[in-house]
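Please treat every number below as a calculation from the coordinates, not as lab data. None of these values were measured; they are calculated from a predicted model. Methodologically, a virtual Cβ is constructed for each residue, glycine included, from the backbone with ideal geometry; neighbour enumeration extends over all protein chains shown.
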Amino acid sequence: DQYVFTSGVSPQVTGGTPIVIEIWFKTNSASTNQFLINCGGSGASFKGFSLRIDTSGNLIFSSVIGDGSSIANQTIASINATTFYRLVLEWNGQTGGTLSWSINGVTGSGTTTKGWSSLSDTSLCVGARKSSGTPNPTSFTQPFNGYIGYAKVAFSTINYELILSGKGKYAYSPNGN
């Protein structure tokens with residue numbers, strides 16, 4: 001029930017560039033819509049991406065151009081509440097660009113992607129979804145219900161890495177924030 005976001009530190013994600021996500025997690029509920037990582041991408045008018053678990057227990061990567069038309073969703077795996085997961089996902093950031101991933105050593109790929117231009121509409125948030133405030137959210141919804149032990153989002157020249165040390169503790173990025 002904690003999320004990581006600091007408006008002075010959390011970057012907006014540059015569109016059209018390769019993105020690498022690595023996250024170690026365990027959910028307490030595989031039947032609740034909850035966000036692991038979000039920066040826009042949670043509505044058709046918010047350009048960016050999200051990584052979430054839906055109400056059917058599917059881990060989904062979504063990306064959005066931000067033109068209000070639609071969201072591209074790619075199911076990565078079916079998730080349960082008894083397993084710890086390690087996901088590494090790579091995407092070239094382009095519309096129709098190939099996603100590739102490894103989750104607990106099982107590899108997969110897909111192409112359901114929509115690349116956006118410029119910066120994502122909201123800043124990067126780990127453990128929740130932005131609800132209002134652009135680009136720096138002022139409220140959050142659909143929090144992740146479980147444990148995140150490690151999260152890294154790398155894009156452009158930014159390597160945003162969080163080494164989490166327990167519920168209610170602070171997380172530190174490589175630049176010391």
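Take every Cα-Cα distance within region 27-84, group them into 5 Å bins from 0 onward, and report for each bin the whole-number percent of pairs it holds.
5, 23, 27, 21, 14, 7, 3, 0
In nm, to one decimal, how far is the modelled label at Glu161 from the one at Asn104, with both set 7 Å along Cα→Cβ?
A separation of 2.6 nm, rounded to one decimal place.
Estimate the FRET efficiency between Asn28 and Ala154 by the formula 1/(1 + (r/R0)^6), using the beta-carbon distance for r and 35 Å for R0, to the nearest 0.05. Present the calculation step by step, with values, prior to reporting the outcome.
Details: r = 28 Å, r/R0 = 0.79.
Calculated value: 0.80.
In region 30-74, which residues have a backbone nitrogen under 11 Å from the label point lying 7 Å from Thr83's Cα in the Cα-to-Cβ direction?
59
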